[in-house]
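The next block holds one structure in the form of structure tokens; read it before the comments.
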Amino acid sequence: MKFLLSNVLSFSCLAAMCAVGLVMYPGLPESLPTQYDLDGGAGNYLPKQTVVLIMPLAYAASIAAINFMVRYSPNKFSMPNSQRAMDIIIFGVGILLLSLHLGIMTSLGDGDIFQRYFSIGFASFLIVAGNVFGKTERNFIIGIRIPWTLASKENWRATHRFAGRLMVISGALLLFLSLYTASLLTTLGLSWLVVSAVYSFLFFLKNERAS
């Protein structure tokens, strides 16, 4: 029961994935594309029975795996005060996977439709996860795990608070742009990660190098 309560948002999203699959299943063609190239060409067709299960199963496995790793992390990285933040971040991942789930089942070979669902899902993930990103404690599972953040609590905290703000701003921008175009949105959406890594290094040079 404690496991369910501490992951209530994640399981709610998982239930939504399953419900969407059940509702849409009767109207789906016998096989659907699950991959699209840069030009929007469809490929890797799978039976619809597999398509409606693949995202929910992947998400359920992710919830179980992340919680297992959190529970059995070394004491130094046990994150006793990050459970709520972790649940919200995993929920954000679920929103992204739900968008991909919908995109695969509704695009039917149209790369533009799939890309739009992906863009909206990715933007939503950035906004949701960014709001709590700065509240996570040092760990080896979720976050910007580079030498300077893993070596210093202060660097981890400063970098993730900075990254969280960038994620929310990037997500809001992507969500707005996705209404008009889906091109280059992935590149724009990942720019916050590069900027945050540079920020972490600069924080190290300014505040920690001497020690």
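You will find that of 95, 104, 169, 113, the residue that is among the hydrophobic types (A, V, I, L, M, F, W, C) and within 30 Å of residue 205 (Cα to Cα) is 169 and no other. For the range 68-80, check the following and say yes or no: at least one residue is among the polar types (S, T, N, Q) and in contact with a strand residue (DSSP E or B) (Cβ under 9 Å, 6 or more places away or on another chain). The answer is no; no qualifying residue exists. Looking across the range 62-92, the residues that are in contact (Cβ under 8 Å) with a residue 60 or more places away in the chain and aliphatic (A, V, I, L, M) come down to 66, 69, 70, 79, 88, 90. The set of residues from the range 31-58 being of a type outside the set (A, V, I, L, M, F, W, C), at pLDDT 90 or above and either surrounded by 16 or more Cβ atoms within 10 Å (Cβ to Cβ) or not in a strand (DSSP E or B) (or both) comprises 48, 49, 50, 56. When the range 125-157 is filtered for residues that are at pLDDT below 90, surrounded by fewer than 19 Cβ atoms within 10 Å (Cβ to Cβ) and within 16 Å of residue 205 (Cβ to Cβ), the ones remaining, listed by number, are 146, 147, 151. Candidates are the residues of the range 129-144 that are part of a loop (DSSP other than H, G, I, E, B) and free of Cβ contacts under 8 Å to residues at least 60 places away in the same chain; the one that is nearest to the chain's Cα centre (by Cα) is 143. Residues in the range 72-111 that are of a type in the set (D, E, K, R) and in a helix (DSSP H, G or I) were compared, and the one that is farthest from residue 167 (Cα to Cα) is 76.
Exactly one residue out of 162, 122 is of a type outside the set (Ser, Thr, Tyr), more than 29 Å from residue 207 (Cα to Cα) and part of a helix (DSSP H, G or I), and it is 122. Contact map, the range 99-124: residues that are closer than 11 Å to residue 55 by Cβ paired with residues that are of a type in the set (S, T, N, Q) and outside any helix (DSSP H, G or I), Cβ distance under 6 Å, separation 6+ or inter-chain. Pairs shown: 104/34.
The values are calculated or read from the model by the stated rules, or taken from the named source; none is laboratory data. Predicted model only: the values in this text are computed from it and were never measured. Note that each Cβ is placed from the backbone with ideal geometry, even for glycine, and that neighbours are counted across all protein chains shown.
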